1. For the structure I just gave you, tell me whether THR82 is among the polar types (S, T, N, Q) and open to solvent by 70 Å² or more (accessible area, probe 1.4 Å).
2. Which pairs have Cβ atoms under 6 Å, sit 6 or more apart or on different chains, and link a residue in segment 20-33 that is within 13 Å of CYS55 (Cα to Cα) to one that is open to solvent by less than 70 Å² (accessible area, probe 1.4 Å) and of a type in the set (Phe, Trp, Tyr)?
3. State whether one or more residues within segment 95-113 are in a strand (DSSP E or B) and open to solvent by less than 60 Å² (accessible area, probe 1.4 Å).
4. Quick check on my filter: what residues within segment 3-60 are assigned to a helix (DSSP H, G or I) and more than 24 Å from ILE121 (Cβ to Cβ)?
5. Of the numbered conditions (1) of a type outside the set (S, T, N, Q); (2) touching a Pro at 6+ places or on another chain (Cβ under 8 Å); (3) closer than 15 Å to GLN118 by Cβ, GLY5 fails exactly one; give the number of that condition.
6. Suppose we filter segment 53-79 for residues that are β-branched (Val, Ile, Thr) and open to solvent by 70 Å² or more (accessible area, probe 1.4 Å); how many remain?
7. Within segment 22-52, how many residues are crowded, with 20+ Cβ neighbours inside 10 Å and basic (Lys, Arg)?
Amino acid sequence: MPMLGTPLPAALIPDCTDLEAHHTAYRSAKTKNAIFVCVARQGRRWKVKLDVMTCSGPRIPDEAMTVLRPAVEALVLADTVTQADIAPDFISISPIETEERAREIAAAFHAALHGLQQLYIAVPVQRGSA
C-alpha cells in the first residue's frame, strides 16, 4: 500500500499568492507524495486549490465525487463562494472573503481528499459490479 502524505491543518496550508511560493509548495507536495493544497490571495479575496496529481495515490474516484461535489455546491448556495471547479484530479474554490475562511475550507477538503484516497486504496471499488 503506498504511503501518502498527511492532511494539513488550516494554519499550515501554504499561502501561494506568490508564484515562487506556489512552485515551492507544489514541489514539496510531490516530494512528500502528498495532495497539493494551498490558498492564494486574489485581489481582496482568497482562492483554494487542491491537486491530487502530486501524489501516487488514485485520482478522485467517482464515488468520492458524490461526497465532494455536494460540499462544493453547499458553499456556492450559501454564497460563501461563487466559483468552484471540481474534477477527478483538481479542486478550485473562490472567491472567499477571508484568509482564515479559505484556510478552513482548504484544510477540510484536504483532509476529505486524503481520507477518501486512503479508503479507496484500502478498499478498492470494483468497477461495473454494482
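The values are calculated or read from the model by the stated rules, or taken from the named source; none is laboratory data. Predicted model only: the values in this text are computed from it and were never measured. Don't worry about glycine lacking a Cβ; one is built from the backbone with ideal geometry, like all the others, and counts go over all protein chains shown. All accessible areas refer to the heavy atoms of the entire protein, side chains included, with ligands and DNA or RNA removed. Shrake-Rupley method; radii C 1.70, N 1.55, O 1.52, S 1.80 Å.
1. Yes: the conditions hold for THR82.
2. TYR26/PHE36; ALA29/PHE36
3. yes
4. Scanning segment 3-60 gives ALA10, ALA11, LEU19, GLU20, ALA21, HIS22, HIS23, THR24.
5. (2)
6. 2
7. The total comes to 2.
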